[in-house]
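Structure, as structure tokens:
The values are calculated or read from the model by the stated rules, or taken from the named source; none is laboratory data. Please read these numbers as outputs of a predicted model, since none were measured by experiment. Please note: Cβ atoms are built from the backbone with ideal geometry, for glycine as well, and neighbour counts cover all protein chains shown. We work out accessible area using only protein heavy atoms, side chains counted, and drop any ligands, DNA or RNA first. Shrake-Rupley method; radii C 1.70, N 1.55, O 1.52, S 1.80 Å.
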Amino acid sequence: MESYLELPPLSPSSEAMADRFHLHMEAAAVSIKEHNLLVKRLDHLSQVPYGSIGVYLENLRSAYNVGNILRTVEAFRLGPVYFSPNTPFVDHPKVIKTAMGVASHVPCERKELGTLPHPRIALETVENAPSLFAFDFPKSFTLLIGNEEYGLSQKALEEADHVLQIPLLGSKNSLNVASAFAIVAAQLCNSLRIAAGE
């Protein structure tokens, strides 16, 4: 194959093999999800306990977004994930696939909005809502995340103790929900670490 395609000899590194694989797949017009080829040499079963920061997913439609959020929750060891009735649950095949092996490790349950622990902090693009970067997060709370198209319901906003937003400077006034959640997760973990004097 190398001779036929006039390619240089393949080096024995995993990166070179992955690059060559992608070259052949592209030439054959075959696509494959990137995560199927990731080298998992750094993955290990974490012994760090989950924290007390809950995450409520209200009416998310995309199982891929849910899987990415579960992966972020596990990476930062935040706390339980609460699912509204219409959000794809942890046993959904696409959630499992996108979460890349951590879906069964994250504490998850279906829960009604009114039963969520206080304080409840909503992430939403609301005019005059404070920036999450200037907010002093409590050690324990429930973060409310809304639908990809419509955001959080009016009921969720009314039941929230605080509403925060990610300050954006571009033309679009919103981000993908999983991307927005990753920003919040990193920020709140950093702010809690600073508050703890680490």
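Among the numbered conditions (1) in contact (Cβ under 8 Å) with a residue 60 or more places away in the chain; (2) more than 24 Å from Tyr150 (Cα to Cα), the only one that Val73 does not meet is (2). For the stretch 97-125, the tally of residues that are out of contact with any helix residue (DSSP H, G or I) (no Cβ under 7 Å at 6 or more places or on another chain) and either open to solvent by 60 Å² or more (accessible area, probe 1.4 Å) or among the aromatic types (Phe, Trp, Tyr) (or both) stands at 7. Collect the residues in the stretch 164-183 that are aliphatic (A, V, I, L, M) and either under 10 Å from the mean Cα position of the chain (by Cα) or part of a strand (DSSP E or B) (or both), keeping them in residue-number order. If the condition is that a residue be aliphatic (A, V, I, L, M) and either under 10 Å from the mean Cα position of the chain (by Cα) or part of a strand (DSSP E or B) (or both), then Leu164, Val177, Ala178, Ala180, Ala182, Ile183 are the ones that fit. Scanning the stretch 21-44 turns up no residue that is modelled with pLDDT of 85 or more and under 30 Å from Lys139 (Cβ atoms).
In the condition set (1) open to solvent by 30 Å² or more (accessible area, probe 1.4 Å); (2) assigned to a helix (DSSP H, G or I), Val73 is compliant with all but (1). For Ala156, the conditions (1) in contact with a strand residue (DSSP E or B) (Cβ under 7 Å, 6 or more places away or on another chain); (2) among the hydrophobic types (A, V, I, L, M, F, W, C); (3) at pLDDT below 95 all hold with the exception of (3). Residues that are over 25 Å from Arg193 (Cβ atoms), crowded, with 18+ Cβ neighbours inside 10 Å and free of Cβ contacts under 8 Å to residues at least 60 places away in the same chain within the stretch 126-170 comprise just one, Gly151.
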